[in-house]
Amino acid sequence: MNLLAIDTANEYLSLGVSNSKQEFFYCEKIGNRQSEHIIPQIKQILDDAQLELKDIELIAYNQGPGSFTGLRIGLSVALGLAYSISCKLLPTPTFMLYSSKRTWHKVNLIVTLDARLGQIYVAAFNQVSLTYLIEPQLVNPEELSSLISQNTNLTPESTMITGSGMTVYKNKIAHELYDNYEYLEQNYPNTQQMLAIANSKTLATCSAFDADLLYVRNKVAMNIDEQNLNKANKQNAAAT
């Protein structure tokens with residue numbers, strides 16, 4: 001199957017293409033210039049794979065969590081391309097990209113990601129079926145140990161932990177997690193794992209009409225109208 005993978009969840013632009021014989025990858029740290037580079041780089045990586053856009057049968061994209069702006073850039077491009085060639089999309093959660101050969105010796109994987117603002121994105125899933133054992137959610141570092149202990153499937157014998165949350169908030173996370181569970185420190189995954197997930201056909205595909213993002217944190221910032229309303233409420237409260 002001819003696949004295209006798009007990941008714009010952080011300051012990197014990461015792309016992957018696979019044809020029937022080979023895989024091709026592009027990854028560069030470009031900050032807030034993703035929107036400028038993504039289309040030219042997709043064209044280039046398709047050229048490298050000796051494919052045209054019309055040859056792509058499935059487009060995988062990072063569903064989140066991640067950079068709000070970056071994720072929307074990736075989804076917008078994936079939608080536009082999918083509409084133009086009438087192909088399916090594969091929403092791929094960031095958490096599942098951390099499942100790889102380095103973690104497969106355990107059945108279950110807990111992924112903790114730095115959500116900023118002193119909090120952690122966390123999810124746990126079975127690495128064979130890619131089904132959640134802990135649904136994606138936002139927690140305080142101090143709550144992580146209790147959350148994991150409530151799930152009887154997540155035993156130290158069957159489960160390992162990875163992700164930036166364990167490193168960034170090490171001083172706030174209960175020490176028994178580090179003592180009892182195997183922890184793997186790894187860099188942010190590239191699109192190689194996204195292509196592997198797509199080829200496994202484990203996750204459900206969707207039409208461009210049904211594609212969406214995974215918002216674990218409901219709101220990080222208020223829009224302009226909400227800011228003005230909040231300011232007015234404060235002024236009214238001060239006047240009374």
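Testing Ile85 on (1) closer than 28 Å to Arg217 by Cβ; (2) surrounded by fewer than 18 Cβ atoms within 10 Å (Cβ to Cβ); (3) of a type in the set (A, V, I, L, M, F, W, C), one condition comes back false. Which one is that?
Of everything listed in (1) closer than 28 Å to Arg217 by Cβ; (2) surrounded by fewer than 18 Cβ atoms within 10 Å (Cβ to Cβ); (3) of a type in the set (A, V, I, L, M, F, W, C), Ile85 misses just condition (1).
For segment 146-158, what are the residues that are in contact with a helix residue (DSSP H, G or I) (Cβ under 8 Å, 6 or more places away or on another chain) and surrounded by fewer than 18 Cβ atoms within 10 Å (Cβ to Cβ)? Spell out how you get there, then give the answer.
First, pick out the residues of segment 146-158 that are in contact with a helix residue (DSSP H, G or I) (Cβ under 8 Å, 6 or more places away or on another chain): 148, 154, 156.
Correct list: Pro156 only.
Could you figure out which of (1) outside any helix (DSSP H, G or I); (2) crowded, with 22+ Cβ neighbours inside 10 Å isn't true of Leu71?
Evaluating Leu71 over (1) outside any helix (DSSP H, G or I); (2) crowded, with 22+ Cβ neighbours inside 10 Å leaves (1) as the failure.
What's the total number of residues in segment 1-19 that are among the polar types (S, T, N, Q), in contact with a Ser or Thr (Cβ under 8 Å, 6 or more places away or on another chain) and in a strand (DSSP E or B)? Break it down stepwise before answering.
Pass one, segment 1-19, residues among the polar types (S, T, N, Q): 2, 8, 10, 14, 18-19.
Then drop every residue that is not in contact with a Ser or Thr (Cβ under 8 Å, 6 or more places away or on another chain), which leaves 2, 8, 10, 14.
Still in the running and in a strand (DSSP E or B): 14.
The qualifying residues number 1.
Which of the residues that make up segment 1-42 are among the aliphatic types (A, V, I, L, M) and crowded, with 19+ Cβ neighbours inside 10 Å? Even if it seems obvious, please write down each step before you answer.
Restricting attention to segment 1-42, the residues satisfying the condition of being among the aliphatic types (A, V, I, L, M) are 1, 3-6, 9, 13, 15, 17, 30, 38-39, 42.
The answer is Leu3, Leu4, Ala5, Ile6, Ala9, Leu13, Leu15, Val17, Ile38, Ile42.
Identify the single condition in (1) touching a residue at least 40 places away in the same chain (Cβ under 8 Å); (2) surrounded by 15 or more Cβ atoms within 10 Å (Cβ to Cβ); (3) among the aromatic types (Phe, Trp, Tyr) that Tyr215 does not satisfy, given that it satisfies every other one.
Going through the list (1) touching a residue at least 40 places away in the same chain (Cβ under 8 Å); (2) surrounded by 15 or more Cβ atoms within 10 Å (Cβ to Cβ); (3) among the aromatic types (Phe, Trp, Tyr), Tyr215 breaks only (2).
Any idea which residue in segment 201-219 is modelled with the lowest pLDDT, counting only those that are within 21 Å of Ile134 (Cβ to Cβ) and among the aliphatic types (A, V, I, L, M)?
If we filter segment 201-219 for residues that are within 21 Å of Ile134 (Cβ to Cβ), which is where we start, we get 202-204, 212-218.
Subset that is among the aliphatic types (A, V, I, L, M): 203-204, 213-214, 216.
On the way: Leu203: 96, Ala204: 96, Leu213: 96, Leu214: 94, Val216: 91.
Across segment 201-219, the extreme among qualifying residues is Val216.
Regarding Asn140, is this residue polar (S, T, N, Q), surrounded by 15 or more Cβ atoms within 10 Å (Cβ to Cβ) and either assigned by TED's automatic domain parsing to the domain that holds Gly16 or farther than 27 Å from Gln34 by Cα (or both)?
Working: polar (S, T, N, Q): yes; surrounded by 15 or more Cβ atoms within 10 Å (Cβ to Cβ): no; either assigned by TED's automatic domain parsing to the domain that holds Gly16 or farther than 27 Å from Gln34 by Cα (or both): yes.
It is false that Asn140 is polar (S, T, N, Q), surrounded by 15 or more Cβ atoms within 10 Å (Cβ to Cβ) and either assigned by TED's automatic domain parsing to the domain that holds Gly16 or farther than 27 Å from Gln34 by Cα (or both).
Among the residues of segment 93-113, is there at least one that is closer than 16 Å to Thr191 by Cα, part of a strand (DSSP E or B) and touching a helix residue (DSSP H, G or I) at 6+ places or on another chain (Cβ under 9 Å)?
No, the conditions are met nowhere in segment 93-113.
Residues in segment 20-39: is at least one in a helix (DSSP H, G or I) and under 23 Å from Ser86 (Cβ atoms)? Even if it seems obvious, please write down each step before you answer.
Looking only at segment 20-39, we keep the residues that are in a helix (DSSP H, G or I), and these are 31-39.
Remaining after also requiring under 23 Å from Ser86 (Cβ atoms): 38-39.
Checking segment 20-39: at least one residue is in a helix (DSSP H, G or I) and under 23 Å from Ser86 (Cβ atoms).
Name the residues in segment 127-141 that are in contact (Cβ under 8 Å) with a residue 24 or more places away in the chain and closer than 17 Å to Ile197 by Cα, would you?
Gln127, Ser129, Leu130
So, in segment 157-197, of the ones that are aromatic (Phe, Trp, Tyr) and out of contact with any strand residue (DSSP E or B) (no Cβ under 7 Å at 6 or more places or on another chain), which residue ends up farthest from Pro136 (Cα to Cα)?
Filtering segment 157-197 for residues aromatic (Phe, Trp, Tyr) gives 169, 178, 181, 183, 188.
Checking the rest, the ones that are also out of contact with any strand residue (DSSP E or B) (no Cβ under 7 Å at 6 or more places or on another chain) come to 178, 188.
Values: Tyr178: 21, Tyr188: 18 Å.
The qualifying residue farthest from Pro136 (Cα to Cα) is Tyr178.
Could you grab me the full set of residues in segment 16-48 that are under 20 Å from Ala198 (Cα atoms) and touching a Leu at 6+ places or on another chain (Cβ under 9 Å)?
Gly16, Val17, Ser18, Asn19, Glu23, Phe24, Phe25, Tyr26, Cys27, Ile42, Ile45, Leu46
The values are calculated or read from the model by the stated rules, or taken from the named source; none is laboratory data. Because the structure is predicted, anything quoted here is derived from the model rather than measured. Reconstructed Cβ throughout: ideal geometry from the backbone, glycine too, with neighbour counts over all protein chains shown.
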